[in-house]
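Only one structure is covered here, and it is reproduced in the block below.
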Amino acid sequence: MAVRKAVIPAAGLGTRVLPATKAVPKELLPLADTPTIQYIVEEAAASGIEQITFVTSRTKRALEDHFDAAPELRAALEAKGADARLAAIDRAETLASYSFVRQRRPLGLGHAVLCAQANVGDETFGVLLGDDLVDNDADPCLKQLIRVHERYGGCVLAVMRVPHNDVSRYGVVSLGEQVEPGVHRVTDLVEKPAVDEAPSDLIVIGRYVLTPNIFAALEQTPPGAGGEIQLTDALRALIHAGTRVFACEFRGRRYDTGDPVGLLTTSIAFALKRPDLAPGVIAYLKTLRLD
Ligand code: UTP
């Protein structure tokens, strides 16, 4: 069955970007004029996803508004003949069908995914985390993972190589057999290992294809690191129970927008891709004396 549903967990507290995220959802912080979450939804839609469930929380109501109709704004833009802006606001509304579920307490990423169970049902689904942007318009990251699932079944994790000394900040995979170039079976996962204990230099980023048995595993998963219910722990349980899990070294450049430097540098990188914005940004950058 085609993968047509995705879950976007967006109920985290966003503490690394405080005070911006005290009242504004982290996912709505913009890269130039476009909220990060919109890039994520664009990637999902371009990967064939038709139904998106956002997992939100009390302070994230504005996310619903961003993907809803905005009749007053439409009327004002129509009256002004501002067609490009009109198209930009219509786009968010029409990329997919949306539903929103609440995670009442921030009990962890695994728990957030579990909150979407009723919407996903018994289907394989995608998960996209808003902090990770992968730039590859020609072949979106989630689509690459879905192709791996279509070929081999099971769950698929997007992984990328990092310098060995950086591994302890991430979830790291232990690799089994290679099933094709860039795609391996995963034999284990380790969350934030010490540098000398890391089983590889391949870290898990925020794109997954998950089979629906992940929900039963999450229900059985006790709080782990940081007292949170970790998706990694449920995936390990699936691996040990025999579910096939694959690591896919995706093609594309990954940007981490979860902290202030990442947000700012990604904003510059994405503005430089835009013909309408790039000249102004380049002109400013050229004025900087950085040495
Ligand atoms: P992070 O821990 O990286 O993000 O969670 P955060 O909590 O938003 O940010 P910091 O670390 O405090 O700055 C990874 C993803 O999981 C979601 C987050 O929204 C983010 O997309 N998440 C995390 C939830 O939806 N619920 C949770 O309880 C925890």
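Note on the stretch 80-129: with charges restricted to the Cβ of Lys and Arg (+1) and Asp and Glu (-1), its dipole about the Cα centre is near 340 debye. For the listed peptides 43-56, 154-167, a ranking on the average number of other beta carbons within 10 Å per residue, highest first, reads 43-56, 154-167. Restricting the calculation to Cα atoms, the stretch 194-234 yields a radius of gyration followed by a Dmax of 12.5, 34 Å.
Arrange the peptides 175-185, 76-86 so that the one whose residues have, on average, the most other Cβ atoms within 10 Å appears first.
175-185, 76-86
Once the Cα atoms are used to define both axes, helix 36-46 deviates from the longest principal axis of the chain by about 70 degrees. Over all distinct Cα-Cα pairs of the stretch 115-199, the Kirkwood formula returns a hydrodynamic radius of 14.9 Å. Taken over the stretch 58-170, the alpha-carbon convex hull comes to 181 cubic angstrom per residue.
Paramagnetic label reach from ASP276 (point 7 Å along Cα→Cβ; backbone nitrogen cut-off under 13 Å): within the stretch 86-122, residues 86-91. Coordinate range of the alpha-carbon atoms in the chain per principal axis, descending: 60, 51, 37 Å. Remark on the stretch 1-90: hydrodynamic radius 14.7 angstrom, per the Kirkwood mean of 1/r across alpha carbon pairs. Over 27 Å apart at the Cα level, from the set LYS5/LYS60; LYS22/LYS286; LYS22/LYS273, are LYS22/LYS286; LYS22/LYS273.
The simple spin-label model puts a point 7 Å past each Cα toward its Cβ; for ILE268 and MET1 those points are separated by 4.6 nm. Taking every alpha-carbon pair under 8 Å whose residues sit at least 6 apart, the chain reaches a relative contact order of 22 percent. Taking label positions 7 Å along the Cα-Cβ direction at both ARG105 and ASP139, the computed distance is 4.4 nm, reported to one decimal. Helix content alone sets the calculated 222 nm mean residue ellipticity of the chain: runs of n ≥ 4 DSSP H residues at -39500 (n - 2.57) each, divided across all residues, give -10000 deg cm²/dmol. Any idea of the accessible area per residue across the stretch 173-291, 1.4 Å probe, to the nearest Å²? Here the residues of the stretch 173-291 average 52 Å² of exposed surface. Annotation: amide H-H contacts under 5 Å for SER174 (H modelled 1.01 Å from N, sequence separation of 5 or more, or interchain): THR187, ASP188, LEU189, VAL190.
Of the beta bridges in the stretch 151-261, as assigned by DSSP with both residues counted there, near 75 percent are antiparallel. The relative contact order of the stretch 202-250 comes to 27 percent, based on Cα pairs under 8 Å that sit 6 or more residues apart. Computed on the Cα atoms alone, the convex hull of the stretch 132-291 gives a volume of 151 cubic angstrom per residue. Computed over protein heavy atoms with a 1.4 Å probe, the accessible surface of the stretch 68-153 works out to 52 Å² per residue. Computed about its Cα centre, the charge dipole of the chain is approximately 400 debye, with only Lys, Arg, Asp and Glu carrying charge at their Cβ.
Taking every DSSP beta bridge with both residues inside the chain, roughly what % is antiparallel (nearest 5)?
Roughly 60 percent of the DSSP beta bridges within the chain come out antiparallel.
Among rounded, prolate and oblate, which fits the stretch 165-244 when a ≥ b ≥ c are the square roots of the eigenvalues of its C-alpha gyration tensor, a/c under 1.5 means rounded, and a/b larger than b/c means prolate? It comes out oblate by the Cα gyration axes. In a DSSP loop and with at most 13 other Cβ atoms within 10 Å, the trypsin sites (Lys or Arg not before Pro) in the stretch 230-291 are ARG251, LYS273, ARG289. Whole-percent P(r), the stretch 81-123, all Cα pairs, 10 Å bins from 0: 22, 32, 24, 17, 4.
For the stretch 169-209, the alpha carbon positions stretch 29, 21, 14 Å along the principal axes, listed from largest to smallest.
Split the accessible area of the chain by element, probe 1.4 Å, and carbon with sulfur accounts for 53%.
The values are calculated or read from the model by the stated rules, or taken from the named source; none is laboratory data. Everything numeric here is computed off the predicted structure, so don't read it as measured data. Glycine also receives a Cβ, built like all others from the backbone with ideal geometry; neighbour counts cover every protein chain displayed. What goes into the accessible areas is simple: the full protein's heavy atoms, side chains included, and nothing from ligands, DNA or RNA. Shrake-Rupley method; radii C 1.70, N 1.55, O 1.52, S 1.80 Å.
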